[in-house]
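The values are calculated or read from the model by the stated rules, or taken from the named source; none is laboratory data. Every value quoted in this text rests on a predicted model; they were computed, and no experiment measured them. Glycine gets a Cβ as well: all are built from the backbone with ideal geometry, and neighbour counts include every protein chain shown. Please note that ligands, DNA and RNA were not included when accessible areas were found on the heavy atoms of the full protein model with its side chains. Shrake-Rupley method; radii C 1.70, N 1.55, O 1.52, S 1.80 Å.
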Amino acid sequence: MKKPAADRILMFLKMRGEATSLLISEELAITKEGARKHLLNLAEDGLIQPIVKSEGVGRPSTYYILTEKGLAQFPDTHAEVTVQLLKSVKNLLGENALDLLISDREKNTHERYEKTLSKTKNLEQRLEALAEARTKEGYMAEWKKEGKDYFLIENHCPICAAATECQGFCRAELSNFQSLIGKEYTVERIDHIISGGQRCVYKISQ
């Protein structure tokens, strides 16, 4: 069943970060008037907000972004329980036990992804397989190429609360990506959700 237009707009803004009403109408194949009506309703509900950008010559353009309430429509997975468990491990067993827990998760994740990527033959195939695997886990991942560089983009973090509580999860993920993509490439995180970014973006370059 096709999702309502309002839900598709929220999903599109989550994936793109920001968009004009014209772009939304084109991407979702709805009329400009219909897009504006849905955007007005979503803004009244506090789910999105407009921002005005000056783009050189001509009138400024109005873009729409998700508010905190809008972002909350894409929830963290079992956030409260996860954070409580992490705090309990840290308090009862110490930082070392928490490091061991993260290392074990990193190892298991690497082995699972390595199996998924085993049949890929080049970087683009590896990125496609990795993005697909991450999307299945709730990261809403995609990749793109700009010039000579590649970017792995995660539009959502289903473990955001856990990663905020313990940034070892983020360090482990970056380490895994570097290993899986290959030592002939440099992988760096250039945007980070828990540091205030709208998404996590990894730049892959030679």
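Would you mention how many residues in the range 1-21 are surrounded by fewer than 15 Cβ atoms within 10 Å (Cβ to Cβ) and farther than 23 Å from I153 by Cβ?
3
Take the residues in the range 1-38 that are among the acidic types (D, E) and within 18 Å of K69 (Cβ to Cβ), then tell me which one is nearest to the chain's Cα centre (by Cα).
Residues of the range 1-38 that are among the acidic types (D, E), as a first pass: 7, 18, 26-27, 33.
If we keep only those that are within 18 Å of K69 (Cβ to Cβ) as well, we get 7, 18.
Working: D7: 18, E18: 14 Å.
Per the stated criteria, the residue is E18.
Go through the range 166-193 and report how many residues are open to solvent by 40 Å² or more (accessible area, probe 1.4 Å) and not in a loop (DSSP other than H, G, I, E, B).
Result for the range 166-193: 10.
Given the options A161, A129, A141, name the one that is of a type in the set (A, V, I, L, M) and within 30 Å of N91 (Cβ to Cβ).
On the way: A129 fails: within 30 Å of N91 (Cβ to Cβ); A141 fails: within 30 Å of N91 (Cβ to Cβ).
Step by step, each of A161, A129, A141 is checked, and only A161 is of a type in the set (A, V, I, L, M) and within 30 Å of N91 (Cβ to Cβ).
What is the residue count in the range 76-107 for residues that are exposed (fewer than 13 other Cβ atoms within 10 Å of the Cβ), modelled with pLDDT under 80 and among the aliphatic types (A, V, I, L, M)?
Matching residues across the range 76-107 total 1.
Taking only the range 2-35 into account, find how many residues are on the phi > 0 side of the Ramachandran plot and part of a helix (DSSP H, G or I).
First pass over the range 2-35, keeping only residues on the phi > 0 side of the Ramachandran plot: 17, 29.
If we keep only those that are part of a helix (DSSP H, G or I) too, we end up with none.
Result for the range 2-35: 0.
Any residue that is on the phi > 0 side of the Ramachandran plot, under 10 Å from the mean Cα position of the chain (by Cα) and buried (at least 19 other Cβ atoms within 10 Å of the Cβ) - is there at least one of those in the range 150-164? I'd like the intermediate steps shown before the answer.
Just the residues of the range 150-164 that are on the phi > 0 side of the Ramachandran plot, to begin with: none.
Within the range 150-164, not a single residue is on the phi > 0 side of the Ramachandran plot, under 10 Å from the mean Cα position of the chain (by Cα) and buried (at least 19 other Cβ atoms within 10 Å of the Cβ).
Quick one: which strands (runs of 3 or more DSSP E) sit completely within the range 47-165 and have at least 1 residues that are assigned by the TED database to the domain that holds K37?
Numbers: elements: 48-53, 61-66, 141-146, 149-154.
Output list reads 48-53, 61-66.
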